[in-house]
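The structure under discussion appears below in the form of structure tokens.
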Amino acid sequence: MKKAIKWTLLGILIAIPILLIVGCVAFFAPKSWYKTQSLEDYGRFIGRTSPLNGRIFPDRALLTEDNCVFHDEYVTDGSNHPEFLTYAFCSFSEEVYEAEITRLQELANEYTETAFELPAYVLRFEPKFIREYALVDEDAHTIHYISYYCPWFLKQVLRAVPEEDLLRPEAAGFEVPYNKEQAESYYTTRKSA
């Protein structure tokens, strides 16, 4: 009996430092950070980070320095869960705006006029910070495309996004789960067209 207790205590004494070392290494592990506001880098990480492979975002051919403000920020510690924030605020001609609205209608899981300051086409909006949506301003022919997953650097990074593009405080419970079948169907349809 005494031998079993000794071995148990020895095991605990060995396990605690190992767990502390592993925890410290994971916490202080070097992170790879990427940040850009240049349209030349548009799409560099969108497909890698977005659950829908960046399909919420417009085609690069529609964007110029004159009609789009772009921000892409990406951080990873080497795990399978990178944190990112990507947005593009774009003004379009009436014709391009209408085509983008049609595309968003086909892609979105939900349309809401109450959760944000502007009407929104929402692809995914989860409490665990995986969010993809587009806010539309019909009068200005402007679309704000936003995608992020950033639980740890959320407050720091989201300061870059104007407050009116974020969820209204009174809509705190708003949630739209990711619809994988719809996304795959959309992708297959577009790919074959």
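The values are calculated or read from the model by the stated rules, or taken from the named source; none is laboratory data. Being a predicted model, the structure only gives us computed values, none of them experimental. All Cβ positions, even for glycine, are placed from backbone atoms using ideal geometry, and neighbour counts span all protein chains on display. Keep in mind that these areas ignore ligands, DNA and RNA; they rest on the heavy atoms of the full protein, side chains included. Shrake-Rupley method; radii C 1.70, N 1.55, O 1.52, S 1.80 Å.
Remarks
- Subset of the range 95-115 [open to solvent by less than 20 Å² (accessible area, probe 1.4 Å) and under 19 Å from Pro177 (Cα atoms)]: Leu104, Leu107, Ala108, Thr112, Ala115
- Those residues of the range 122-132 which are free of Cβ contacts under 8 Å to residues at least 40 places away in the same chain and buried (at least 18 other Cβ atoms within 10 Å of the Cβ), in sequence order: Arg131
- A count restricted to the range 173-185 and to residues that are surrounded by fewer than 14 Cβ atoms within 10 Å (Cβ to Cβ), at pLDDT below 80 and assigned to a loop (DSSP other than H, G, I, E, B) stands at 1.
- Criterion applied to Tyr121, Tyr97, Tyr111, Tyr87 was being under 18 Å from Phe45 (Cβ atoms) and hydroxyl-bearing (Ser, Thr, Tyr), and the one residue passing it is Tyr87.
- Residue in the range 74-88 that is at pLDDT 90 or above and either among the β-branched types (Val, Ile, Thr) or open to solvent by 50 Å² or more (accessible area, probe 1.4 Å) (or both) present: no
For every residue, the table says whether it meets (1) among the small types (Gly, Ala, Ser); (2) loosely packed, with under 12 Cβ neighbours inside 10 Å; (3) part of a loop (DSSP other than H, G, I, E, B); (4) modelled with pLDDT under 70.
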site: Tyr145; (1), (2), (3), (4): no, no, no, no
site: Tyr148; (1), (2), (3), (4): no, no, no, no
site: Val157; (1), (2), (3), (4): no, no, no, yes
site: Glu170; (1), (2), (3), (4): no, yes, no, no
site: Tyr187; (1), (2), (3), (4): no, no, no, yes
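- Any chance Arg44 is within 17 Å of the chain's Cα centre (by Cα), closer than 22 Å to Leu167 by Cβ, basic (Lys, Arg) and modelled with pLDDT of 70 or more: no
- Qualifying position, being within 16 Å of the chain's Cα centre (by Cα), modelled with pLDDT of 80 or more, open to solvent by less than 70 Å² (accessible area, probe 1.4 Å) and not polar (S, T, N, Q), among Leu135, Leu118: Leu135
- For the range 106-141, a residue qualifies if it is closer than 16 Å to Leu85 by Cβ, of a type outside the set (A, V, I, L, M) and part of a strand (DSSP E or B), and the qualifying residues are Arg124, Phe125, Arg131, Glu132, Tyr133.
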